[in-house]
């Protein structure tokens with residue numbers, strides 16, 4: 001009869017399975033701190049790389065007898081390709097109490113569109129940029145902001161090969177006006193335009 005090996009302990013199959021599972025559990029315990037660190041880094045990276053407003057790049061201002069309008073362009077702080085933010089503000093003439101009308105983002109850091117600040121008369125002025133149009137009829141005491149993206153839900157501009165971005169606006173002293181949106185195609189076809197009879201508080205496709 002063969003004598004058992006000295007110094008070597010023999011395990012039953014069930015014991016070997018248990019030892020193996022304990023080893024896997026220890027490996028998982030060692031991985032947990034690493035996973036926690038990676039998850040925490042992921043959340044912090046999302047906050048770190050989230051686009052934010054940066055420093056002021058340019059400012060432009062125009063005014064009439066009662067109303068001052070201003071555009072402030074700020075750089076976009078981001079991880080990759082950055083655009084710019086454009087904030088439109090108003091203030092009474094003789095005051096430095098500026099009121100924000102709206103802020104819009106553009107993927108390209110283009111120069112300030114100075115022609116997007118317009119006056120109809122001493123009480124009425126309007127601004128537009130991107131998908132937004134805003135008008136005041138009381139020298140800046142109140143503003144009405146219209147957004148082409150919101151209007152697109154009911155007007156469905158894509159049916160007419162139009163994109164909800166304002167290209168140009170003209171408003172007259174009697175409240176009538178026209179708005180041209182960005183054309184998706186380059187074809188020289190007659191596309192409908194937006195028209196208003198209340199200084200742009202509401203628009204209809206015609």
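Any read-out appearing in this document is the output of simple, stated calculations on the displayed coordinates, not a laboratory observation. The shown structure was predicted, so the numbers you read here are calculated from the model rather than taken from an experiment. Ideal geometry is used to build each Cβ from the backbone, glycine not excepted, and the neighbour counts take in all protein chains shown.
Details
- Extension gain, residue 190 back to residue 55 (0.36 nm per residue minus Cα-Cα distance, nm): 44.4 nm
- The range 78-146: C-alpha gyration tensor shape, a/c 1.5 cut-off, then a/b vs b/c: prolate
- q = 0.17 Å⁻¹, the range 49-175: log10 I(q)/I(0) [Debye, one scatterer per Cα]: -0.93
- With R₀ set to 25 Å, the beta-carbon distance separating residue 77 from residue 100 gives a calculated FRET efficiency near 0.80.
- Inter-label distance for residue 201 and residue 141, nm, one decimal - labels placed 7 Å from Cα along Cα-to-Cβ: 1.4
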